Amino acid sequence: MTLALGIDVGGTKIVAGLVETANGEVVRSERVPTRPERGGDAVLADCAGLAERLGASDAPVGVGICEVVDLDGRVTSAETVDWRGLDVASAFSPASVTVESDIRAAAVAEARFGAGAGLESFLHVGVGTGASACLVVGGRPHRGAHGNAIILGAPPVEQVAGGAILGDRAHDPAARGEAAAAVGRVLAVLVNALDPEAVVVGGGIGSSPGFVDGIAAALRPEVWCESTRGLPIVMSALGEPGGVIGAALAAVEASR
């Protein structure tokens, strides 16, 4: 088996899993709350503890984090979890470690095993504590010149549509509807510019009832070309495990 450990660090929870990367099976997994207010060191220590408990000492480790990650695997933002300047790799020594943005990790998993399988291009969108997006072409995520090609909107739409800003209103269908419409309008700009084959939506809020339909209702009227307007807008096929699977895939890719 080609085993790797994937760790998905989100704003509310950390999920780690030992993954058979040949078929995407999560062999075993464990989770803990993120509690980012404790600081980046505490969150990193929890990640290392999960790796140890899952018995992954001989497996490469991939970490997908809800931040911007540059082309060299350095975390460059601190919107939720501040790992800037931390030696992430040393926390998992002697295992090899790859750090990736969580949305890119999830997008790769979706391309390999999920709703993006068989597509030449698609936009993968995650709406949870924050909101971000990744263009996938030929099964590979587009990283941009600096690794920053995950920001969704200008200003970022997560300022009105992410779970961190919605708070308790995230459970209100009307508030979720407004958030979905905001995401849909921003995505329409990307669809017009990039002409992907599909839009795939994931994340805790993105996967909630009616959210994908809300995105589609706001997006389609803003798509200029009729041949593009009917593109599939679908929910992630992998759901929550996608982040763990994608992080594990990133670890294997880096170790080649």
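Conditions (1) within 15 Å of Ala16 (Cα to Cα); (2) of a type in the set (A, V, I, L, M); (3) within 14 Å of the chain's Cα centre (by Cα), marked per residue:
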site	(1), (2), (3)
Gly73	no, no, no
Thr98	yes, no, no
Ile103	no, yes, yes
Val108	no, yes, yes
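Out of (1) surrounded by fewer than 19 Cβ atoms within 10 Å (Cβ to Cβ); (2) closer than 21 Å to Leu187 by Cα, what's the single condition that is false for Cys66?
So Cys66 meets the others, but not (1).
Which condition number does Glu79 fail, the rest of (1) open to solvent by less than 50 Å² (accessible area, probe 1.4 Å); (2) of a type in the set (Asp, Glu); (3) under 26 Å from Ser208 (Cβ atoms) being met?
The single condition Glu79 does not satisfy is (1).
Can you confirm whether region 90-98 contains a residue that is surrounded by 24 or more Cβ atoms within 10 Å (Cβ to Cβ) and out of contact with any helix residue (DSSP H, G or I) (no Cβ under 7 Å at 6 or more places or on another chain)?
No, region 90-98 contains no residue that is surrounded by 24 or more Cβ atoms within 10 Å (Cβ to Cβ) and out of contact with any helix residue (DSSP H, G or I) (no Cβ under 7 Å at 6 or more places or on another chain).
Can you say whether Val234 is farther than 29 Å from Phe92 by Cβ and free of Cβ contacts under 8 Å to residues at least 40 places away in the same chain, as far as the supplied structure shows? Before the answer, list the steps.
Values: farther than 29 Å from Phe92 by Cβ: yes; free of Cβ contacts under 8 Å to residues at least 40 places away in the same chain: no.
Judged against the criteria, Val234 is not a match.
Do we find that Gly167 is over 16 Å from the mean Cα position of the chain (by Cα) and on the phi > 0 side of the Ramachandran plot in this structure?
So Gly167 passes the test.
Restricting the search to region 9-49, which residues are in contact with a Gly (Cβ under 9 Å, 6 or more places away or on another chain) and assigned to a helix (DSSP H, G or I)?
Within region 9-49, Pro36, Gly40 meet the criteria.
Are any of the residues in region 149-170 assigned to a loop (DSSP other than H, G, I, E, B), under 21 Å from Ala109 (Cα atoms) and without any contact (Cβ under 8 Å) to a residue 24 or more places away in the chain?
yes
Within region 163-184, track down each residue that is of a type in the set (Val, Ile, Thr) and open to solvent by less than 60 Å² (accessible area, probe 1.4 Å).
To start, the set of residues in region 163-184 that are of a type in the set (Val, Ile, Thr) comprises 165, 183.
Result: Val183, single match.
The values are calculated or read from the model by the stated rules, or taken from the named source; none is laboratory data. This is a predicted model, so every value here is computed, not measured. With ideal geometry, Cβ positions are generated from the backbone for all residues, glycine too; neighbour counts draw on all protein chains shown. Heavy atoms of the whole protein, side chains included, go into the accessibility calculation; ligands, DNA and RNA do not. Shrake-Rupley method; radii C 1.70, N 1.55, O 1.52, S 1.80 Å.
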